[in-house]
1. Consider only pairs whose beta carbons are under 7 Å apart and that are at least six residues apart or on different chains; among these, list those whose first residue lies in segment 10-29 and is closer than 14 Å to Leu53 by Cα and whose second residue is of a type in the set (Phe, Trp, Tyr).
2. Filter segment 1-17 for residues that are under 13 Å from Gly39 (Cβ atoms) and either touching a strand residue (DSSP E or B) at 6+ places or on another chain (Cβ under 9 Å) or small (Gly, Ala, Ser) (or both); which is modelled with the lowest pLDDT?
3. Being surrounded by fewer than 17 Cβ atoms within 10 Å (Cβ to Cβ) and assigned to a helix (DSSP H, G or I) is the filter here, so list the residues in segment 17-37 that pass it.
4. Given (1) surrounded by 13 or more Cβ atoms within 10 Å (Cβ to Cβ); (2) of a type outside the set (Phe, Trp, Tyr); (3) not in a helix (DSSP H, G or I), where does Leu60 come up short, assuming only one miss?
5. Could you list, in sequence order, all residues of segment 3-16 that are of a type in the set (D, E, K, R) and either part of a loop (DSSP other than H, G, I, E, B) or over 10 Å from the mean Cα position of the chain (by Cα) (or both)?
6. Test Leu6 against the criterion of being surrounded by fewer than 12 Cβ atoms within 10 Å (Cβ to Cβ) and among the aliphatic types (A, V, I, L, M), and give yes or no.
7. Exactly one of (1) in a loop (DSSP other than H, G, I, E, B); (2) within 13 Å of Arg9 (Cα to Cα) is unmet by Glu51. Its number?
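The values are calculated or read from the model by the stated rules, or taken from the named source; none is laboratory data. None of the values given here were measured: they were computed from a predicted structure. Cβ sites come from the backbone with ideal geometry, for glycine too, and all protein chains shown count toward neighbours.
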Amino acid sequence: MAETLLVERRREVFAALVALQDTGLGVFASRQKVASDYGLSARQVEKIEKEGLDSQWPPLQS
C-alpha cells in the first residue's frame, strides 16, 4: 500500500508523475506509466499524487 512506502520514495514517485505531466502526457497515461515504472498500482499512484498535491511536495514548492 502507498502509505507503507517511505516518504522519500513517495516523493520520488510524485516528482516522476509531475515531470511526465509537464511533458504533456495526460493524467491517466502518466499515472499508468509511473505505476508500471515503480511497480505500483494505479490506485497507489493516485494516493501518492493526492498526498503530494496536498503537501505541496517538490517540484510544486516555490
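1. Arg11/Trp57; Val13/Tyr38; Phe14/Trp57
2. Ala2
3. Let us first name the residues in segment 17-37 that are surrounded by fewer than 17 Cβ atoms within 10 Å (Cβ to Cβ), namely 19, 21-29, 32-33, 36-37.
Of everything in segment 17-37, those that are surrounded by fewer than 17 Cβ atoms within 10 Å (Cβ to Cβ) and assigned to a helix (DSSP H, G or I) turn out to be Ala19, Gln21, Asp22, Val27, Phe28, Ala29, Gln32, Lys33, Ser36, Asp37.
4. Just one mismatch for Leu60, condition (1).
5. Glu3, Glu8
6. Details: surrounded by fewer than 12 Cβ atoms within 10 Å (Cβ to Cβ): yes; among the aliphatic types (A, V, I, L, M): yes.
Yes.
7. Condition not satisfied by Glu51: (1).
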